[in-house]
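The values are calculated or read from the model by the stated rules, or taken from the named source; none is laboratory data. It should be emphasised that the depicted structure is a prediction, and the values quoted were computed from it without experimental measurement. Note that we place each Cβ from the backbone using ideal geometry, even for glycine, and neighbour counts take in every protein chain shown.
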């Protein structure tokens with residue numbers, strides 16, 4: 001089924017498995033490059049998780065990628081560099097001088113029941129504002145905080161959310 005408008009979801013909407021999911025056709029979501037490109041960057045680990053370790057690895061591909069990147073980050077943190085970047089399995093990782101890690105993932109789109117790289121040309125959602133806990137719009141009578149969510153289309157910077165108290 002193809003939707004008349006673009007439908008966005010989190011990466012939880014797609015389980016990285018071998019079966020096609022035609023009911024998710026047209027869905028756009030952020031995905032780790034390692035999952036999107038079938039093991040690129042750590043092909044031996046990918047092959048193990050789809051072969052000898054398939055029982056223990058089922059449903060945990062993204063967690064293995066996080067662990068792999070965490071291991072690589074610890075090696076870089078020991079160096080004298082105050083800030084650095086790393087092309088990880090989970091996305092592009094930038095470590096700021098204060099130690100915060102910013103991760104940028106790629107956008108995927110389900111086409112033919114399989115995820116494909118959507119690239120920077122994928123239609124990205126406009127920034128939205130969500131009201132929570134207080135009194136503001138009629139559909140949400142208790143809004144006290146506005147949460148702005150923005151996704152960078154041309155920069156490929158991923159999504160960010162910022163909460164600000166409302167007057």
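Is it the case, given these coordinates, that residue 119 is on the phi < 0 side of the Ramachandran plot and either out of contact with any helix residue (DSSP H, G or I) (no Cβ under 9 Å at 6 or more places or on another chain) or without any contact (Cβ under 8 Å) to a residue 60 or more places away in the chain (or both)? Spelling it out, it is not the case that residue 119 is on the phi < 0 side of the Ramachandran plot and either out of contact with any helix residue (DSSP H, G or I) (no Cβ under 9 Å at 6 or more places or on another chain) or without any contact (Cβ under 8 Å) to a residue 60 or more places away in the chain (or both). Could you say whether any residue in segment 38-54 is part of a loop (DSSP other than H, G, I, E, B) and in contact with a strand residue (DSSP E or B) (Cβ under 9 Å, 6 or more places away or on another chain)? Within segment 38-54 (the criterion being part of a loop (DSSP other than H, G, I, E, B) and in contact with a strand residue (DSSP E or B) (Cβ under 9 Å, 6 or more places away or on another chain)), the answer is yes, since at least one residue qualifies. Scanning segment 50-62 for residues that are farther than 18 Å from residue 36 by Cα and under 19 Å from the mean Cα position of the chain (by Cα) gives no hits. Taken over segment 36-52, the residue count meeting the criterion of being on the phi < 0 side of the Ramachandran plot and without any contact (Cβ under 8 Å) to a residue 40 or more places away in the chain is 11. Here segment 94-147 is the region considered, the condition is being loosely packed, with under 11 Cβ neighbours inside 10 Å and at pLDDT below 50, and the residue that is nearest to residue 21 (Cα to Cα) is 139.
Pick out the one residue from 91, 59 that is at positive phi and at pLDDT 90 or above. Going through 91, 59 in turn, the sole match is 91. Restricting 65, 80, 42, 70 to those that are under 21 Å from residue 94 (Cα atoms), more than 17 Å from the chain's Cα centre (by Cα) and at pLDDT 85 or above reduces the list to 42. Checking 71, 84 one by one, the residue that is touching a helix residue (DSSP H, G or I) at 6+ places or on another chain (Cβ under 9 Å) and either surrounded by fewer than 17 Cβ atoms within 10 Å (Cβ to Cβ) or over 23 Å from residue 8 (Cα atoms) (or both) is 84 and no other.
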